[in-house]
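Reviewing the structure listed below.
The values are calculated or read from the model by the stated rules, or taken from the named source; none is laboratory data. Not measured: the values here are computed from a predicted model. No Cβ is skipped: glycine too gets one built from the backbone with ideal geometry, and neighbour counts run over all protein chains shown.
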Amino acid sequence: MIPDSTRNRLVTRVCIIIVAGVSPVSVAITLYTLLFHQSILNNWRDPRFILFGWCLAETIFWVWSVVKYKFRAPVFDRVIPSFEERQKLKADCAWIIDSSPGGVIEFLEGWFMTNKQKARIEDLQQGNIKDW
């Protein structure tokens, strides 16, 4: 994992901006070439023709991805555990609570972390447990 530092965040952000800018720049180059420099399209040995081809491929892929993914909401299957699985989970939780001397307090403290330590029961608020 990449260490968290200002330099690494800056490098990551710059890379994200560059990658996000590839499609708009490709669309701009494609449109500019089609509107103002159509003579490039007649000479396939011109390096600008290769750039145009790459930008055209990027543009087509970008349009395809926008149509496919942006205008159609993804449908996710709802995963609901079976009744038997929920009963087993409930029984396992009850066994963990009953088998430890601290009981419920130790169980709840184990679920919540403050920094890298277990949270103390005094640190937990009603909202934490309600959200959990």
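Quick one: which of Glu106, Glu58, Glu85 is modelled with pLDDT under 80 and in a helix (DSSP H, G or I)? Write out each step before concluding.
On the way: Glu58 fails: modelled with pLDDT under 80; Glu85 fails: modelled with pLDDT under 80.
Step by step, each of Glu106, Glu58, Glu85 is checked, and only Glu106 is modelled with pLDDT under 80 and in a helix (DSSP H, G or I).
Per-residue answers, yes or no, for (1) out of contact with any Ser or Thr (no Cβ under 7 Å at 6 or more places or on another chain); (2) part of a helix (DSSP H, G or I); (3) at pLDDT below 75:
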{"residue": "Phe49", "(1), (2), (3)": "yes, yes, no"}
{"residue": "Val75", "(1), (2), (3)": "yes, no, no"}
{"residue": "Trp95", "(1), (2), (3)": "yes, yes, no"}
{"residue": "Glu122", "(1), (2), (3)": "yes, no, yes"}
If we ask which residues in segment 1-37 are loosely packed, with under 10 Cβ neighbours inside 10 Å, out of contact with any Ser or Thr (no Cβ under 9 Å at 6 or more places or on another chain) and either outside any helix (DSSP H, G or I) or of a type in the set (Ser, Thr, Tyr) (or both), their number turns out to be 5
